[in-house]
Amino acid sequence: MKNLVIVESPSKSKTIEKYLGDGFEVVSSKGHIRDLATRGKDGLGVDFEDEFKPTYKISKEKKDVVKELKAKAKKADIVYLATDPDREGEAISWHLADELGLEIEQDNRVIFNEITKDAVLKAFEAPRSIDMKMVKSQETRRILDRIIGFKLSKLLQSKIKSKSAGRVQSVALKLIVDREKEIDAFIPEEYWSVLALFENEGNVIETSAERYKGKKLVMSNAEEAQTVFDAVQGPFDISKLEKKKRKRESKLPFITSTLQQEASTRLGFAAKKTMRVAQKLYEGVQMGSETEGLISYMRTDSTRLSDSFVADAKAYILENHGKKYMGKYRAGKKTENTQDAHEAIRPTSIDRTPDSIKSYLTPDEYKLYRFIYFRTMASLMAPSEFDAVSVVFSQNGYDFNGSGSTLTFDGYLKVYDYEKTSDKIIGTIDEKKQYKAEKIEQNQHFTQPPARFTEARLIKELEELGIGRPSTYSMILDTIVYRAYSTFGAVSETSKTKVFKPTEQGVLTNDALQEHFSSIINVNYTAEMEEELDRIAMGTEDNVEALQRFVDKFYPLLAEADETMVKIEDEKVGEKCPDCGEELVYRNGRYGRFIACSGFPKCKYNRALEENKRPEPVQTGEMCPECGSPLVKRMSRYKTEFVACSAFPKCRYIQPNDNFKKKNKKEETENEESAS
């Protein structure tokens, strides 16, 4: 009899089985095997009268998987549960144990932070039992999301035709809408600057007027700028010259949120893409005859590194760059919201350089691995050093500030080329000498409104506010766009920067939620709820009490909103439905407005408006490698072209683009509360 090991992902099962040897069979649950049922009160699958006891059902598409797992479990000597090392993974292990009839208390839960042979073998030497505190925390999150997702979504659908609401999704939407309202209310204010350019030893020193008689200088109009301009036409004295040695420390290793932010800014990766590529690097890449996980677990909020990795990395730095490049290990500060369950995102081996394995990686995998590799190495290297000079040119009480800097030691910048630096040389300043400006200019400016959120900025805002968890950010942002609450596109025709801008439906949805549910759909309450879930996971908070407090707060608000929220009637087209004779109305969808039957869901007739019609799929002349149907070119909701199977939704094959060597997995579907 073989020992059975169950993991989540099929792609890592073969790798782990190879590590463990002949005595083990490793199979995949392919993610969650069951979810809350849609029975009971309001179809929530939760018994409110029995301490919120949930009722679970096996997902339709997982019935065959569970049947096969049960058959294998019966034959196995021991069943090990090696799902991902986080709360969701812990919950999946519990669902598997419960469904397969395993003893919950037995030590069969295996945790590893990286998929390497040493890490996996070491983990199997010390299995533990399932952590039911973590399971309760995840279960509580799921129940909260089900209640809010079902009840709020149903209310919004019936009243204002909005598709969904969610615990975190709605707060993220609020941030986007509030920012847009700030922009709309913004009134630009005029201000001026006066610049003076000096030549010194062939270098140009750029300075700006900062103070007058020791006080900060503010120029609000052309007349005030002209006064400064007229007063500084003569020679300038050097009133202050300061030379300092400055150091710039490297940034800490990546956590989930900073990886998403920086990959968006530096690599142009969407958060969803970053997590997809990181997942592949974590699960393992085929390199010749071996398959090895290249990075540690990518869902983490900790910047710490293991002692063994730090020792290996320091030895590598010493051998390849020398002692002067050795830096001090900095673990970083833990915040209130930091769980610190795993290490930072790092390469599994410092010896596996990006260029040495480039031939085994797709272009995107190489870019992200290189980013993670050198960010981690840089965090353990010495600071860069600069000679910094600040100088003040003065005349008639006006002080013009300038500065220069020269890199004297590259330190971590030797390997980390994602931070650009260039010398700003101003030459040797003679404090006794008077200097005549080569050019003095006046410039008009206007204050700018706050910028709309890019994906990186919004993720950073959510993290700083303690809302949601980094592993859910990409889904949250994707759902807001998918539900047509916000667009996500370029700032202008000449800019590649993409930002979130709320749609009319998004503003309407947010305003309705704020009018009736502001005590729940707000930053503070959502952050407090996350802290509450953390306490449940630590065993210092009772999950039943937490759920009861929420229900006592939420349901009265829901009842009042059901009575007082204004119902928006559909705009009539002025035509009858050709299928059933009911009125046709205009509805909003993720591709814009469309025409539908008012008798929905009994009658499902609909048609696109001419201006919103998507182009018909065009056959490519190739056949689907999975089912044999013709492949067609389609247009995504983001107006990008892709090739997919014409038999969709029966077959969900999507042809890889140039960035992928392997076929895409099935596109994930989302239910109403998936991004709560």
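So here's what we get for this one:
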quantity: Relative contact order %, the stretch 440-598, counting alpha carbon pairs below 8 Å whose residues are six or more apart; calculated: 16
quantity: Cα long-axis angle, helix 470-482 against the chain (0 to 90 degrees, to the nearest 10); calculated: 80
quantity: Model label zone, ILE238; criterion: amide N under 14 Å from point 7 Å along Cα-to-beta-carbon; scope the stretch 373-417; calculated: 389-394, 402-404
quantity: DSSP beta bridge pairing in the chain, given as percent antiparallel to the nearest 5; calculated: 90
quantity: Backbone N within the stretch 157-185 under 20 Å of label point (7 Å from TYR555 Cα along the Cβ vector); calculated: 167
quantity: Candidate residues THR428, THR207: accessible-area rank, largest first, probe 1.4 Å; calculated: THR428, THR207
quantity: Solvent accessible area, Å² - ARG483, 1.4 Å probe, full protein context; calculated: 20
quantity: SER208-GLU504 pseudo-label distance in nm [points 7 Å out on the Cα-to-Cβ vector]; calculated: 4.1
quantity: Restricting the stretch 246-338 to GluC sites (Glu not before Pro) in coil, as DSSP defines it, with at most 16 other Cβ within 10 Å; calculated: GLU249, GLU336
quantity: Mean projected area in nm² (Cα convex hull; one quarter of hull surface) for the stretch 501-607; calculated: 9.8
quantity: For the chain: relative contact order, % (alpha-carbon pairs under 8 angstrom, 6 or more apart); calculated: 15
quantity: Å² of accessible area per residue within the stretch 480-537, as computed with a 1.4 Å probe and no ligands counted; calculated: 46
quantity: Sequence-separation-based contact order of the stretch 192-279, relative, with Cα cut under 8 Å and 6+ spacing, percent; calculated: 16
quantity: Taking the C-alpha atoms of the stretch 411-552, convex hull volume expressed per residue in Å³; calculated: 295
quantity: Between the stretch 43-70 and the stretch 81-96, the Cα center-to-center distance that results, in Å; calculated: 15
quantity: Per residue accessible area of the stretch 323-452, 1.4 Å probe, in Å²; calculated: 50
quantity: Charge dipole magnitude, Cβ of K and R +1, D and E -1 - the chain, Cα centre, debye nearest 20; calculated: 1580
quantity: Calculated FRET efficiency for the pair GLN444/GLU616, C-beta based, R₀ 45 Å, to 0.05; calculated: 0.30
quantity: Two-site FRET efficiency, LYS57 against SER308, from Cβ-Cβ distance with R₀ of 51 Å, rounded to 0.05; calculated: 0.70
quantity: Per-residue SASA entry for LYS439, accessible area with 1.4 Å probe, Å² rounded to 10; calculated: 110
quantity: Solvent-accessible surface (1.4 angstrom probe) belonging to VAL491, in square angstrom, nearest 10; calculated: 90
quantity: Percent carbon-and-sulfur accessible area, the chain, ignoring ligands, DNA and RNA, probe 1.4 Å; calculated: 48
quantity: Sites matching GluC sites (Glu not before Pro) across the stretch 37-108 that sit in DSSP coil, with at most 14 neighbouring C-beta atoms within 10 Å; calculated: GLU49, GLU51, GLU103, GLU105
quantity: Diffusion coefficient, µm² s⁻¹, Stokes-Einstein with Kirkwood Rh over alpha-carbon pairs of the chain at 10 °C and 1.306 mPa s; calculated: 54
quantity: Centre separation in Å (Cα based) which lies between the stretch 149-193 and the stretch 515-529; calculated: 13
quantity: Full-extension gain in nm, ASN320 to GLU68, via 0.36 nm per residue minus C-alpha separation; calculated: 85.6 nm
quantity: Sites matching GluC sites (Glu not before Pro) across the stretch 473-562 that sit in DSSP coil, with at most 14 neighbouring C-beta atoms within 10 Å; calculated: GLU493
quantity: Net charge over other residues, Cβ less than 12 angstrom from the Cβ of ARG211 (K, R count +1; D, E count -1); calculated: +2
quantity: Cβ-derived FRET efficiency at R0 25 Å, PHE186 paired with GLU515, nearest 0.05; calculated: 0.55
quantity: Cβ-based net charge around LYS251, under 11 Å, with every Lys or Arg adding one and every Asp or Glu removing one; calculated: 0
quantity: Cut-off 15 Å between beta-carbons: net charge of the residues surrounding THR353, Lys and Arg +1, Asp and Glu -1; calculated: 0
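The values are calculated or read from the model by the stated rules, or taken from the named source; none is laboratory data. All values reported here derive from a predicted model rather than from experimental measurement. So basically every Cβ, Gly included, is an ideal-geometry build from the backbone, and we count neighbours across all protein chains shown. These area figures cover heavy atoms from the full protein model, side chains too; ligands, DNA and RNA do not enter into them. Shrake-Rupley method; radii C 1.70, N 1.55, O 1.52, S 1.80 Å.
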